[in-house]
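Colleague: I'd like to ask some things about the structure below.
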Amino acid sequence: MILMDGSMGNELLARRSDLISGLWSAQYLIDAPQLVKEVHLEYINSGADLIITNTYSTIPSYLSKKNAVDKMPALIRLAGELAREAVQDSKKEVIVAGSLPPLEESYRPDLVIDSEEAVPIYETLVKELTPYVDIFICETMSSIKEMQHVMQALHNLDNEKPVWIAWSLKEDQKNKLRSGESIKEAFKASASIEPEAYLFNCTDPNAITEGFKELKELTQKPIGGYPNVFNVPDGWTLDNDVQVSVRDLSVEKFLEFAEEWRNLGASIIGGCCGIGPKFIKALAEKNKST
């Protein structure tokens, strides 16, 4: 099994709440880059086999809030450098995954921008991360359209690195992306880039469980998931007044989900928003004992 890391933004906020801003986790690349590296190292020391670059908010929709769009390439490179340095410092064999995130808001397929604007942004992410990462992970994809923008950028650049696709599901356990499109439709639409793994992320763990039951019938390639701890209502954005609630996901319950997912064929498991190092450490320790 490949054990992924967990939340980056929430962990940074827990360490330096004074740096929270409209730039979210990108602010820490500007003001406290060593803190980003420390979080990477904590996950590695907790047992993670894979860490994800802190590039979820190094994108124009976030950076424009502080007139920092011109810093985008440098911040992406820095995020890649910090992840790679953390692995080198750990002296462990750990995969570095380059995050290719939604370009507007997570969970909002209605806000996905057109390809003419999106593809060049993804091309910048891929170009700047390529020297530092082992794989790319297209994460929190809420719709086929959003995923296809990433795919087009990877095609345009003749990317040769492995690609993982991670979809965000509706939380009603009916196996639909946030857009309402089915897992099967999304799976078929991803075929042209031949992903090496298929995952669900930033989603209710119960919805991930149901998703695995369908996904395992579609592919023999590795499948996996990394859930969050938030219930996200319709219309939420990072900056608006719509409130999210936190679901009761203890470490013990997370381990129960992980065991169920392994029984369903999952071989890649980690955490997203709100899942910190203690969750990853507990899962690593459990894996060692079984």
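A short reminder: the numbers here are calculations on the coordinates, not readings from a lab. Since this is a predicted model, take the numbers as computed values, not measurements. Positions of Cβ are generated from backbone atoms using ideal geometry, with glycine treated the same way; all protein chains shown enter the neighbour counts.
Colleague: Name the residues whose placed amide hydrogens come within less than 5 Å of the amide hydrogen of Lys176, ignoring near sequence neighbours (fewer than 5 apart) on the same chain.
Modeller: Amide H neighbours of Lys176: Lys170.
Colleague: Which listed residue (Gln88, Cys272, Leu35) has the Cα farthest towards the positive end of the charge dipole for the chain, taking +1 on Lys and Arg C-beta and -1 on Asp and Glu C-beta about the Cα centre?
Modeller: So the residue we want is Gln88.
Colleague: For Glu116 and Asn67, compute 0.36 nm times the residue count separating them, minus their Cα-Cα distance, and round to one decimal in nm.
Modeller: 15.5 nm
Colleague: To the nearest 20 Debye, how big is the dipole of the chain about its Cα centre, given +1 on the beta carbon of each Lys and Arg and -1 on that of each Asp and Glu?
Modeller: The dipole of the chain has a size of about 520 debye.
Colleague: Shifting gears a bit: If only Cα atoms are counted, what is the Rg of the chain, and what is its Dmax, in Å?
Modeller: When restricted to Cα atoms, the chain yields Rg and Dmax of 17.3, 51 Å.
Colleague: How do Trp236, Trp164 rank when sorted from fewest to most other Cβ atoms within 10 Å of their own Cβ?
Modeller: So the ranking, lowest neighbour count to highest, is Trp236, Trp164.
Colleague: While we're looking at this one, here's another question. Averaging the inverse of every distinct alpha carbon separation and then flipping it gives the Kirkwood radius. What is it for the range 101-171, in angstrom units?
Modeller: This gives a value of 12.3 Å.
Colleague: Over 29 Å between Cα atoms, which of Lys184/Lys278; Lys221/Lys253; Lys91/Lys161; Lys170/Lys278 qualify?
Modeller: Violating the 29 Å limit, Cα to Cα: Lys184/Lys278.
Colleague: By DSSP, what percent of the beta bridges with both residues in the chain are antiparallel, rounded to the nearest 5?
Modeller: Of all bridge pairs located within the chain, approximately 15 percent are antiparallel.
Colleague: Amide H to amide H, which residues 5 or more places from Ile95 or on other chains are under 5 Å from it, using H placed in the peptide plane?
Modeller: Sorted by chain and number, the residues that satisfy this are Leu50, Ile51.
Colleague: Next up: How would you order 14-22, 96-104 from highest to lowest mean count of nearby Cβ atoms within 10 Å?
Modeller: Result, highest mean Cβ count within 10 Å first: 96-104, 14-22.
Colleague: What is the range 165-280 by shape, rounded, prolate or oblate, if you read a ≥ b ≥ c off the alpha carbon gyration tensor as root eigenvalues and call it rounded for a/c under 1.5, prolate for a/b larger than b/c, and oblate otherwise? Each step should come with its number before you reach the end.
Modeller: On the way: a/c = 1.94, a/b = 1.21, b/c = 1.60.
Because a/c hits 1.5 or more and a/b fails to exceed b/c, the range 165-280 counts as oblate.
Colleague: Taking the Cβ of Gln220 as the center, what net charge do the other residues with Cβ under 14 Å away carry, scoring Lys and Arg +1 and Asp and Glu -1?
Modeller: After counting each charged neighbour, the total is -1.
Colleague: Please compute the alpha carbon radius of gyration of the range 12-151, then divide it by the globular-protein estimate 2.2 N^0.38 Å. Two decimals is fine.
Modeller: 1.02
Colleague: Ok, one more. Show me the ranking of peptides 139-150, 54-65, 186-197, 207-218 by mean Cβ neighbours inside 10 Å, starting with the highest.
Modeller: Those peptides, ordered most packed to least, come out 139-150, 54-65, 207-218, 186-197.
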